[in-house]
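Below: one structure, written as structure tokens.
The values are calculated or read from the model by the stated rules, or taken from the named source; none is laboratory data. Since the structure is predicted, the reported quantities are computational estimates derived from the model, not experimental observations. Positions of Cβ are backbone-derived with ideal geometry, glycine not excepted, and every protein chain shown enters the neighbour counts. Protein only, heavy atoms only, side chains kept; ligands, DNA and RNA dropped before computing areas. Shrake-Rupley method; radii C 1.70, N 1.55, O 1.52, S 1.80 Å.
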Amino acid sequence: MKRFLKIVILHFEHVFENRARSLIWFIISLTNPLSLILFWKGASNGGNLGLGWTFSSLTTYYLLLALANAFLTSHIEEEVSFYDIKQGDLVRYLIRPFSYYWIKFIEEIPYRLLQGTYGLILLLIFIILFSHLVRINLTVLIIALGLMSAILAFFISFTFKMIIGLLAFWFKDIRGLYNLVDIVTIVFAGYVVPLEFFPSTLKNVSYLLPFAYMIYYPVIIIQGKLLLWEILRIVGIQFLYLSLFLVIQRLLWKKGIKEFTAIGQ
Amino acid sequence: MAIIDVKNLSKYFRVYKKEPGVLGSLKSLFNRKYENSKAVDNISFKIEEGELVGFIGPNGAGKTTTLKCLSGLIYPSQGKISILGYTPFDRKSDFLKQIGLVMGQKNQLWWDLPPIESYLLNKEIYSIPDRQFKETIEELAELMEIKNILQVQVRKLSLGQRMKCELVAQLIHLPKVLFLDEPTIGLDVVMQQKLRCFVREYNRRYKATILLTSHYMDDVKELCRRVIIINQGGILYDGLLENITKKYSTHKLLSVIFESPVKKDELQSLGEIKLYESTKVNLLVPRKDSNHIASHLMEKFDVADLNIEEPEVEEIVRKIFTAKIV
């Protein structure tokens, strides 16, 4: 564990060298939630939106979503597929006595924490300037369960993106695939509207797919919109998805690594 | 027991063959033809502890593919490899802690941070105790003359400095087996020389087993007693470098300086004239007759100086590569 922590800390130094780039990516990711807040301000006329949602709770939702996106959404698929597998950078990981999955995980943590800090700063600014628009009633239990769900969400997101990236062992170019995954994620992880607003069929589909468990549910839990038994059910499903993805990731790695040619190295 | 033991190693790559033109593209939509391209074809060799072996061959000969198989990066199609008793592709932690791979001009250091930060990362990854790390860095930095640049951003270093730092990064865990793939590529002659000295010293000091590929014959001549020559995936020669000349060179070069000019006609029957400048002549003669012809020249002409020279190793190797001999 000590060794693990030391490696994480060393990677922080690397990420701090790229802090400006990280900030720009964070700002880019804000365009969606901020423009949706503006949209709902006009559409709701400041009133009740139904299904227990008000303009202020929806604003809180999008701000928490931006925060969760910064903290929890991994973007390793391009690095794994393009740089590591296609360009052969995987060599430098394979030659070292450390698991590829875990070293990529460690590399990702500082980026998420840095971006998450930007997200927290944004949330604080909103709380100071527009306190009436941010509605969060936190209890210790909600914080604990929300954090647990968030950690699981990050693991699911990371492992899922790793799986997408590993497909590059077999396919020449998977950029189309990860763009498709991004679009599906935007819809089914609640980036556009909370999933409660979906028609029932679409809502049921979104509950079955893994995307909501990567970001949506931790946000909803923190907003206090779920009962305790519902939270435990979500956490249970998150465990199931994580286990499934870990098995798939392991199988793809074992098979795929035999296809690796270390081209360009 | 040999440290490196390779038996019947083959590596094939599946290559897609496309017919030329639009029609070929259309056909390939429905029916793609694949062929197995042999990168390494049934090679076997053994390397003992502490040996420094040159692995040479032209581009595409299979050198790097072999090295990748030996270091566990790619999966062999056939054959068996044992390194320090491990199968490389299993990539067991204990195996990886005992090997090092340096690929020329490939950056493994953090670009935006000083080399020392990458070394610290390797220290943790390889679980090197603090004291050993300090001593090793001290020793390697001194040997490589990089003490003054350990705290400079990698992106600010010259290619030569970077290569030295890369090499140190791969040696922090003091690997018992080291694979060097074109370590001097792109470096100027001074830096090449320094790197060679370092490799030799590392081999001597740590009794490391080293397999080196290089396009520069100087690297091989200066460092390796034994060479393995590979071409088109197969081994053409495996033995002492000095024996290549005896085995493959059928001729010797007589370099003669005469006291007074000698007519060309008088020399033509003795061998092939490679250089004729009045009193200075280079004569290529059959190896077995060289002593006899040299005596004949001394007796018949006024010879100021005469040398019997072996052909350059580069020349022989070039001929082996182009299959003019063997």
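At a threshold of 30 Å², the residues of the stretch B:121-136 that become less accessible to a 1.4 Å probe in the full protein assembly than in their chain on its own are B:Leu121, B:Glu124, B:Ile125, B:Tyr126.
If one takes the accessible area of chain B alone plus chain A alone and subtracts that of the pair, with a 1.4 Å probe, what total in Å², rounded to the nearest 100, results? Please list the in-between numbers first.
Details: alone 17360 and 14100 Å², together 28700 Å².
Approximately 2800 Å², summed over both chains.
Taking Cα atoms only, the orientation of helix A:175-188 departs from the longest principal axis of chain A by about 20 degrees. Remark on the stretch A:77-102: accessible area falls by at least 20 square angstrom from chain-alone to full-complex state for A:Val91, A:Arg92, A:Leu94, A:Ile95, A:Arg96, A:Pro97, probe 1.4 angstrom. Applying a DSSP loop filter and a limit of 13 other Cβ atoms within 10 Å to the trypsin sites (Lys or Arg not before Pro) in the stretch B:1-44 leaves B:Lys18, B:Arg32. Once the Cα atoms of helix A:100-129 and of chain A are each reduced to a long axis, what angle between those two axes, in degrees from 0 to 90 to the nearest 10, is obtained? Helix A:100-129 sits at roughly 20 degrees to that axis. Comparing the full protein assembly with the isolated chain, the residues of the stretch A:1-45 losing at least 20 square angstrom of accessible surface (1.4 Å probe) are A:Arg3, A:Lys6, A:Ile7, A:Leu10, A:His11, A:Glu13, A:His14, A:Glu17.
Ordered from largest to smallest accessible area (heavy atoms of protein chains, 1.4 Å probe), the residues A:His132, B:His173 come out as A:His132, B:His173. For chain A, the longest principal axis of the C-alpha atoms and the axis of helix A:55-72 are separated by about 10°. Spherically averaged projected area of the convex hull of Cα atoms, the stretch B:1-155: 13.6 nm². The stretch B:250-309: percent of C-alpha pairs farther apart than 18 Å? Across the stretch B:250-309, Cα pairs with separations above 18 Å total 18 percent.
What shape does the protein assembly as shown take by its C-alpha gyration tensor, where a ≥ b ≥ c are the square roots of the eigenvalues and a/c under 1.5 counts as rounded, a/b above b/c as prolate, and the rest as oblate? Verdict is prolate for the protein assembly as shown. Considering only A:Thr59, A:Thr185, A:Thr201, the Gaussian network model of chain A with Cα springs below 10 Å gives its largest mean-square fluctuation to A:Thr201. Summing +1 for each Lys or Arg and -1 for each Asp or Glu, what net charge is found among the other residues whose Cβ lies under 15 Å from the Cβ of B:Asp94? So the surrounding residues net to +4. Farthest toward the dipole's positive end in the stretch B:1-117, which of B:Gly24, B:Leu109, B:Ile43, given Cβ charges of +1 (Lys, Arg) and -1 (Asp, Glu) about the Cα centre? Checking the options against the dipole of the stretch B:1-117, the answer is B:Gly24. Label-to-label distance for A:Asn179 and A:Thr117 is 3.4 nm, based on points extended 7 Å past Cα in the beta-carbon direction. Charge dipole of chain B (Cα centre as origin; +1 on each Lys and Arg Cβ, -1 on each Asp and Glu Cβ, all else neutral): 1520 debye, rounded to the nearest 20. Taking chain B as a Gaussian network of alpha-carbon nodes connected by springs under 10 Å, the highest mean-square fluctuation of the residues B:Gly239, B:Gly57, B:Gly72 belongs to B:Gly239.
Mean shadow of the stretch A:16-141, computed from the convex hull of its alpha carbons, in nm²?
The orientation-averaged projected area of the Cα hull of the stretch A:16-141 comes to 10.9 nm².
Taking amide H as placed 1.01 Å from N in the peptide plane, B:Lys252 has its amide H under 5 Å from the amide H of B:Val285, B:Arg287, each at least 5 places away in sequence or on another chain.
Test of understanding: express the Cα radius of gyration of the stretch B:22-108 as a ratio to 2.2 N^0.38 Å, with N the residue count. Let's see the in-between values first.
Numbers: Rg = 17.4 Å, N = 87, 2.2 N^0.38 = 12.0 Å.
The value comes to 1.45.
The trypsin sites (Lys or Arg not before Pro) found in the stretch B:242-314 that occupy coil by DSSP, while having at most 16 further C-beta atoms within 10 Å, are B:Lys263, B:Lys264.
For chain A, which longest stretch is free of loop sites, where a loop site is one of the chymotrypsin sites (Phe, Trp or Tyr not before Pro) that DSSP puts outside H, G, I, E and B and that has at most 15 other Cβ atoms within 10 Å?
Details: sites that count: A:Phe130, A:Trp170, A:Phe171.
The reported range is A:1-129.
Per-residue ellipticity at 222 nm for the protein assembly as shown, helices alone: DSSP H runs ≥ 4 residues times -39500 (n - 2.57), over residue total, nearest 500 deg cm²/dmol? Here the helix-only value at 222 nm equals -16000 deg cm²/dmol. Here the relative contact order of chain A, from alpha carbon pairs under 8 Å that lie six or more residues apart, stands at 28 percent. The region of chain B that goes longest without hitting one of the GluC sites (Glu not before Pro) in a DSSP loop, each with at most 13 other Cβ atoms within 10 Å, is B:146-258. When chain A is treated as a Gaussian network with alpha carbon springs shorter than 10 Å, the biggest mean-square fluctuation among A:Ser29, A:Ser44, A:Ser157 belongs to A:Ser44. Take the protein assembly as shown with all the other protein chains still there, run a 1.4 Å probe, and you get 49 Å² of accessible area per residue.
Take the Cα of A:Leu5, step 7 Å toward its Cβ, do the same at B:Asp302, and the gap between the two points is 9.0 nm. Note on the stretch B:250-309: dipole from Cβ charges, positive end direction compared against B:Gln268, B:His296, B:Val256; the farthest Cα belongs to B:Gln268.
To the nearest whole number, what is the average tally of beta carbon atoms from other chains within 10 Å of the beta carbons of peptide B:58-71?
On the way: counts 0, 0, 0, 0, 0, 0, 2, 2, 0, 1, 7, 0, 0, 4.
That average works out to 1.
Compared with the direct C-alpha span, the chain from A:Thr54 to A:Val192 gains 48.1 nm at full extension, assuming 0.36 nm per residue.
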